[in-house]
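Here's the structure we're looking at; comments come further down.
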Amino acid sequence: MKPFLIAVSGGSGSGKTYLANQLINNYGNDKISLIQVDSYYKDLNHITMQEREKSNFDHPDAFDFDLLYTHIKQLENYTAIQIPSYDYTTHTRNNKTTQIIKTPIILLEGIFSMYYKKIRKITDLKVYLDTSETVRKKRRIVRDKKSRGRTHKSIIKQYTETVYPMYQEFVEPLMKYSDLIIKENSINSNGIYILNDCINSILDKNL
């Protein structure tokens, strides 16, 4: 059987990574492979740092969807892939890669996991996390300070100028393609139960 592809989308800070990690912790790496769309940011090594910092990293054009699609198709054909590693401080890819092999379920996580039409067409279940802007913004500030070493001022500037406008233009409209909408990503929500039932059903078929 070809892997069952689940896309998890939603705005920055909606809880996508948290949900993905919870699912993998619950079911194991031998059952679910995780691909993060953020790993497929385009390598900007060919332009100056000053030019890189002017780039809009919240726009779909910042991502290499063709490579992502190729990797997903390779997994479907039982071919292991090497996921690129992206350095957020230099906006370039480094030499590290993460090998992913075929598992019963592939989890594609990222704000644009449902954006690229060719990927959307081969996605079996599209999940959208509908989380309030207040919560998403707070989480974004905490994450960027902690894991990306950014200042509060720079985070707010980016959020105001690109993150939220791009969310409104490109990410929020993806909700119309979703098969399942999960509100606030509560572990006790009906949407989480539905998602787990779906995963259990897929895994049962692969036994």
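Read-outs throughout are calculated quantities, based only on the coordinates presented, and are distinct from any laboratory measurement. Because the structure is a prediction, the values reported are computed rather than measured. In this analysis, Cβ positions are derived from the backbone assuming ideal geometry, glycine residues included, and neighbour counts consider all displayed protein chains.
Side notes on the structure shown:
- Based on the convex hull around the alpha carbon atoms, region 118-197 presents an average projected area of 6.7 nm².
- The convex hull defined by the C-alpha atoms of region 7-86 has an orientation-averaged projected area of 6.4 nm².
- About its Cα centre, region 4-205 has a charge dipole of approximately 440 debye under the convention of +1 per Lys or Arg Cβ and -1 per Asp or Glu Cβ, with nothing else charged.
- For region 45-123, applying the loop criterion from DSSP together with a ceiling of 10 other beta carbons within 10 Å to the trypsin sites (Lys or Arg not before Pro) yields Lys54.
- Among the listed pairs Lys42/Lys153; Lys16/Lys96; Lys73/Lys118; Lys54/Lys138, those with a Cα-Cα distance over 18 Å are Lys42/Lys153; Lys16/Lys96; Lys54/Lys138.
- In nm, spacing of pseudo-spin labels at Tyr88 and Thr70 (7 Å Cα→C-beta vector): 2.7
- Normalised per residue, the volume of the convex hull around the Cα set of the chain (Å³): 121
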